[in-house]
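The values are calculated or read from the model by the stated rules, or taken from the named source; none is laboratory data. Values in this document were obtained by computation on a predicted structure and should not be read as measured data. All Cβ positions, glycine included, derive from the backbone under ideal geometry; neighbour counts span all protein chains shown. Ligands, DNA and RNA are stripped out before the accessible areas are found, and what is left, the full protein with its side chains, is counted by its heavy atoms. Shrake-Rupley method; radii C 1.70, N 1.55, O 1.52, S 1.80 Å.
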Amino acid sequence: MSQPAPVHARLGRLAELVGTWEGDGQGLWTATEPFRYHELATISSDGRPFLAYRQRSTALADGAPRHGEAGWFRPGAEDGGAELVLAQPTGIVEVHRGRWEGDALVLRATLVGRTETALSVTGVERRLHVEGDRLSYLLRIAMNDEELADHLAAELHRVTEASDIA
């Protein structure tokens, strides 16, 4: 069995995100009925200066697939900065820029692209708070150029250490 690649030094604090994370969350969006979900997210390194990210969620009520997204965390141009590039099967792509504010990585979309049939998401903000083996987040979105509003919040726990991911 091969050893996992070390995390590239340029990633800095982004290395804190490496692992497999699992837990539950809730939908906070006021336009729909509140809902609960289970989430599994994997953030891994292959030794290059970015981290691969893959997320899947299912409904807590019946286990039905709910959402998924995939992308990459990258170090930002400035010291302590970070970037996130991701795509969703809903037809939305996001490019974020941000930085660490204490234990929280705060990312704001600089670009939200969407296909012709995707919802009219026009803004996104992601706040990830890492404390040891606990990762909580708040996802805020804007629709139709309105103000950002809380959309999702979850608390995940690291179930696989960085050294366990191949």
Structure-derived mean projected area of the Cα convex hull in nm² - corresponding label in (i) 11.1; (ii) 17.3; (iii) 10.3: (iii)
With every protein chain in place, the stretch 41-85: carbon and sulfur % of accessible area (1.4 Å): 52
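If the only charges are +1 at each Lys and Arg Cβ and -1 at each Asp and Glu Cβ, what is the size of the charge dipole of the stretch 1-148 around the Cα centre, to the nearest 20 debye? Walk me through the numbers on the way to the answer.
Numbers: 16 positive and 21 negative charges, 72 e Å.
Result for the stretch 1-148 is approximately 340 debye, rounded to the nearest 20.
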Rounded accessible area of residue 126 (nearest 10 Å², 1.4 Å probe): 30
Cβ-placed point charges (K, R +1; D, E -1), dipole of the stretch 108-166 about Cα centre in debye, nearest 20: 100
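Using DSSP to call loops (not H, G, I, E or B), can you name the GluC sites (Glu not before Pro) in the stretch 111-166 whose Cβ has at most 14 other Cβ atoms within 10 angstrom? Spell out each step's value before the answer.
Details: sites: 116, 125, 131, 146, 147, 155, 161; in loops: 116, 146, 147, 161.
Answer in residue order: 116, 146, 147, 161.
Heavy-atom accessible area per residue, the chain, 1.4 Å probe: how many Å²?
Numbers: 9210 Å² over 166 residues.
Each residue of the chain exposes 56 Å² on average to a 1.4 Å probe.
Taking a ≥ b ≥ c as the square roots of the Cα gyration tensor eigenvalues, with a/c under 1.5 meaning rounded and otherwise prolate when a/b beats b/c, else oblate, which class fits the stretch 1-98?
Values: a/c = 2.47, a/b = 1.64, b/c = 1.50.
Note, shape of the stretch 1-98 comes out prolate.
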